[in-house]
Amino acid sequence: MRLFIALVPPSELRRRLGELADFAHARCGGRRMPDESLHLTLAFLGEVEEGQALELAGWVQGLAIAPGEWRLDGWGCFKRPGIVWVGSQAPDPTLAELQHELWQGLEARGLTGRPGRFVPHVTLLRRAASLDTDCFPESDLGWPYKEVELIQSLTDKHGARYRTLAVSKG
(Lines give C-alpha, C1' and ligand atoms only; values in the text may rest on other atoms or scores of the structure.)
Protein backbone atom coordinates (compact mmCIF):
# COMPACT_ATOMS: atom_id res chain seq x y z
CA MET A 1 0.00 0.00 0.00
CA ARG A 2 1.16 3.53 -0.84
CA LEU A 3 1.50 5.62 2.33
CA PHE A 4 2.48 9.06 3.55
CA ILE A 5 2.35 11.05 6.79
CA ALA A 6 0.74 14.46 6.56
CA LEU A 7 -0.87 17.42 8.23
CA VAL A 8 -4.51 17.68 7.20
CA PRO A 9 -6.06 21.16 7.31
CA PRO A 10 -9.08 21.95 9.47
CA SER A 11 -12.28 22.37 7.44
CA GLU A 12 -12.31 26.18 7.31
CA LEU A 13 -8.68 26.29 6.18
CA ARG A 14 -9.39 23.56 3.62
CA ARG A 15 -12.18 25.75 2.21
CA ARG A 16 -9.78 28.74 1.99
CA LEU A 17 -7.13 26.58 0.32
CA GLY A 18 -9.79 25.48 -2.17
CA GLU A 19 -10.43 29.14 -2.99
CA LEU A 20 -6.70 29.63 -3.62
CA ALA A 21 -6.73 26.53 -5.85
CA ASP A 22 -9.65 28.02 -7.83
CA PHE A 23 -7.73 31.28 -8.23
CA ALA A 24 -4.56 29.49 -9.36
CA HIS A 25 -6.48 27.21 -11.72
CA ALA A 26 -8.20 30.16 -13.44
CA ARG A 27 -4.77 31.69 -14.18
CA CYS A 28 -2.54 28.66 -14.73
CA GLY A 29 -4.79 25.85 -15.99
CA GLY A 30 -3.76 22.29 -15.27
CA ARG A 31 -5.44 19.81 -12.96
CA ARG A 32 -6.86 21.34 -9.79
CA MET A 33 -6.48 19.23 -6.68
CA PRO A 34 -9.83 18.39 -5.04
CA ASP A 35 -10.43 20.14 -1.72
CA GLU A 36 -10.59 16.83 0.15
CA SER A 37 -7.08 15.92 -0.97
CA LEU A 38 -5.34 19.14 0.12
CA HIS A 39 -2.64 18.41 2.73
CA LEU A 40 0.99 18.95 3.68
CA THR A 41 3.13 15.84 3.20
CA LEU A 42 5.71 15.46 5.97
CA ALA A 43 6.98 12.03 4.94
CA PHE A 44 6.25 10.16 1.71
CA LEU A 45 6.77 6.46 2.39
CA GLY A 46 5.84 4.94 -0.96
CA GLU A 47 4.85 1.30 -1.14
CA VAL A 48 4.70 -0.41 2.26
CA GLU A 49 3.74 -4.00 3.05
CA GLU A 50 0.47 -4.45 4.94
CA GLY A 51 2.17 -5.78 8.08
CA GLN A 52 4.52 -2.83 8.24
CA ALA A 53 1.58 -0.48 7.60
CA LEU A 54 -0.18 -1.90 10.67
CA GLU A 55 2.96 -1.36 12.74
CA LEU A 56 3.24 2.22 11.43
CA ALA A 57 -0.41 2.88 12.28
CA GLY A 58 0.24 1.85 15.89
CA TRP A 59 3.37 4.01 16.01
CA VAL A 60 1.55 7.07 14.62
CA GLN A 61 -1.33 6.63 17.08
CA GLY A 62 1.20 6.74 19.92
CA LEU A 63 2.93 9.92 18.75
CA ALA A 64 2.43 13.08 20.79
CA ILE A 65 2.82 16.04 18.44
CA ALA A 66 3.67 19.44 19.92
CA PRO A 67 1.05 21.96 18.78
CA GLY A 68 2.20 24.54 16.29
CA GLU A 69 1.06 26.91 13.59
CA TRP A 70 2.36 27.04 10.04
CA ARG A 71 2.06 30.33 8.12
CA LEU A 72 1.16 29.98 4.45
CA ASP A 73 2.36 33.27 3.04
CA GLY A 74 3.88 32.48 -0.34
CA TRP A 75 3.27 30.91 -3.73
CA GLY A 76 5.64 28.69 -5.64
CA CYS A 77 6.02 26.04 -8.28
CA PHE A 78 8.00 22.95 -9.16
CA LYS A 79 8.77 23.30 -12.86
CA ARG A 80 9.39 19.73 -13.92
CA PRO A 81 6.06 18.25 -12.77
CA GLY A 82 4.16 21.50 -13.40
CA ILE A 83 3.03 21.92 -9.79
CA VAL A 84 1.69 25.20 -8.40
CA TRP A 85 1.66 25.37 -4.61
CA VAL A 86 1.06 27.61 -1.63
CA GLY A 87 3.45 27.48 1.32
CA SER A 88 5.91 29.60 3.24
CA GLN A 89 8.24 32.31 1.98
CA ALA A 90 10.78 31.44 4.68
CA PRO A 91 11.68 28.12 6.30
CA ASP A 92 9.57 27.18 9.33
CA PRO A 93 11.94 25.73 11.97
CA THR A 94 9.17 24.08 14.02
CA LEU A 95 7.73 22.31 10.99
CA ALA A 96 11.22 21.28 9.84
CA GLU A 97 11.89 19.81 13.30
CA LEU A 98 8.61 17.86 13.20
CA GLN A 99 9.51 16.45 9.78
CA HIS A 100 13.01 15.58 11.02
CA GLU A 101 11.68 13.78 14.12
CA LEU A 102 9.17 11.83 12.05
CA TRP A 103 11.93 10.65 9.71
CA GLN A 104 14.12 9.63 12.65
CA GLY A 105 11.28 7.41 13.90
CA LEU A 106 10.60 6.05 10.42
CA GLU A 107 14.25 5.25 9.77
CA ALA A 108 14.42 3.46 13.12
CA ARG A 109 11.62 1.27 11.72
CA GLY A 110 13.59 0.49 8.55
CA LEU A 111 11.99 3.00 6.20
CA THR A 112 14.12 5.05 3.86
CA GLY A 113 13.52 7.87 1.42
CA ARG A 114 14.05 10.99 3.49
CA PRO A 115 14.25 13.86 0.99
CA GLY A 116 17.43 15.88 0.80
CA ARG A 117 15.44 19.08 1.09
CA PHE A 118 12.09 19.75 2.76
CA VAL A 119 9.91 22.39 1.09
CA PRO A 120 6.64 22.57 3.05
CA HIS A 121 3.82 23.22 0.58
CA VAL A 122 0.25 22.36 -0.35
CA THR A 123 -0.07 21.29 -3.98
CA LEU A 124 -2.97 23.16 -5.60
CA LEU A 125 -2.40 22.29 -9.28
CA ARG A 126 -0.67 19.57 -11.24
CA ARG A 127 0.39 19.81 -14.88
CA ALA A 128 -0.19 23.58 -14.89
CA ALA A 129 0.07 25.25 -18.30
CA SER A 130 1.62 28.33 -16.69
CA LEU A 131 3.87 28.47 -13.63
CA ASP A 132 3.91 32.25 -13.31
CA THR A 133 2.86 32.97 -9.71
CA ASP A 134 4.63 36.35 -9.49
CA CYS A 135 1.40 38.32 -9.94
CA PHE A 136 -0.61 36.24 -7.45
CA PRO A 137 -1.98 38.14 -4.45
CA GLU A 138 -0.35 37.77 -1.07
CA SER A 139 -1.53 34.86 0.98
CA ASP A 140 -1.39 34.88 4.75
CA LEU A 141 -3.15 31.90 6.26
CA GLY A 142 -2.47 30.31 9.62
CA TRP A 143 -2.59 26.52 9.89
CA PRO A 144 -2.83 25.43 13.51
CA TYR A 145 -1.84 21.77 13.95
CA LYS A 146 -1.55 19.31 16.80
CA GLU A 147 -1.64 15.93 15.07
CA VAL A 148 -0.39 14.07 12.02
CA GLU A 149 -2.13 11.40 9.98
CA LEU A 150 -0.91 8.22 8.33
CA ILE A 151 -2.68 8.21 4.97
CA GLN A 152 -3.07 5.60 2.27
CA SER A 153 -3.17 6.81 -1.33
CA LEU A 154 -5.56 4.76 -3.46
CA THR A 155 -5.45 5.25 -7.23
CA ASP A 156 -8.13 4.26 -9.70
CA LYS A 157 -9.39 5.50 -13.09
CA HIS A 158 -10.68 8.69 -11.41
CA GLY A 159 -7.29 9.55 -9.89
CA ALA A 160 -5.98 9.40 -6.33
CA ARG A 161 -8.11 9.44 -3.22
CA TYR A 162 -6.89 9.28 0.35
CA ARG A 163 -7.87 7.18 3.35
CA THR A 164 -6.67 7.95 6.88
CA LEU A 165 -5.25 4.87 8.60
CA ALA A 166 -4.12 6.46 11.89
CA VAL A 167 -4.08 9.80 13.69
CA SER A 168 -1.54 10.82 16.32
CA LYS A 169 -2.53 12.03 19.77
CA GLY A 170 -3.89 15.56 19.64
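Miscellaneous remarks
- Flag if Ala96 is out of contact with any strand residue (DSSP E or B) (no Cβ under 6 Å at 6 or more places or on another chain), over 18 Å from Leu17 (Cα atoms), surrounded by 11 or more Cβ atoms within 10 Å (Cβ to Cβ) and free of Cβ contacts under 8 Å to residues at least 60 places away in the same chain: yes
- Any hit, segment 147-160, residues being over 18 Å from Gly46 (Cβ atoms), at pLDDT 95 or above and open to solvent by 40 Å² or more (accessible area, probe 1.4 Å): yes
- Among the residues listed as Glu19, Glu36, Glu50, the single one being more than 13 Å from Leu124 (Cα to Cα) and open to solvent by 60 Å² or more (accessible area, probe 1.4 Å): Glu50
- Within segment 70-85, not a single residue is within 22 Å of Glu147 (Cα to Cα), outside any loop (DSSP other than H, G, I, E, B), without any contact (Cβ under 8 Å) to a residue 12 or more places away in the chain and open to solvent by 40 Å² or more (accessible area, probe 1.4 Å).
- Filtering segment 1-55 to residues that are farther than 22 Å from Ser88 by Cβ, part of a helix (DSSP H, G or I) and either over 18 Å from the mean Cα position of the chain (by Cα) or among the polar types (S, T, N, Q) (or both) leaves Ala26, Glu50, Gly51, Gln52, Ala53, Leu54, Glu55.
- When Trp103 is tested against (1) open to solvent by 20 Å² or more (accessible area, probe 1.4 Å); (2) in a helix (DSSP H, G or I), just one condition goes unmet, and that condition is (1).
- Test: residue in segment 107-119 that is open to solvent by less than 20 Å² (accessible area, probe 1.4 Å) and within 17 Å of the chain's Cα centre (by Cα): no
- Matching residues, segment 22-32, being of a type outside the set (A, V, I, L, M, F, W, C), more than 16 Å from Leu72 (Cβ to Cβ) and surrounded by fewer than 18 Cβ atoms within 10 Å (Cβ to Cβ): His25, Arg27, Gly29, Arg31
The values are calculated or read from the model by the stated rules, or taken from the named source; none is laboratory data. Keep in mind it's a predicted model, so treat the numbers as computed, not measured. Don't worry about glycine lacking a Cβ; one is built from the backbone with ideal geometry, like all the others, and counts go over all protein chains shown. The area values use the complete protein model at the heavy-atom level, side chains included, leaving out ligands, DNA and RNA. Shrake-Rupley method; radii C 1.70, N 1.55, O 1.52, S 1.80 Å.
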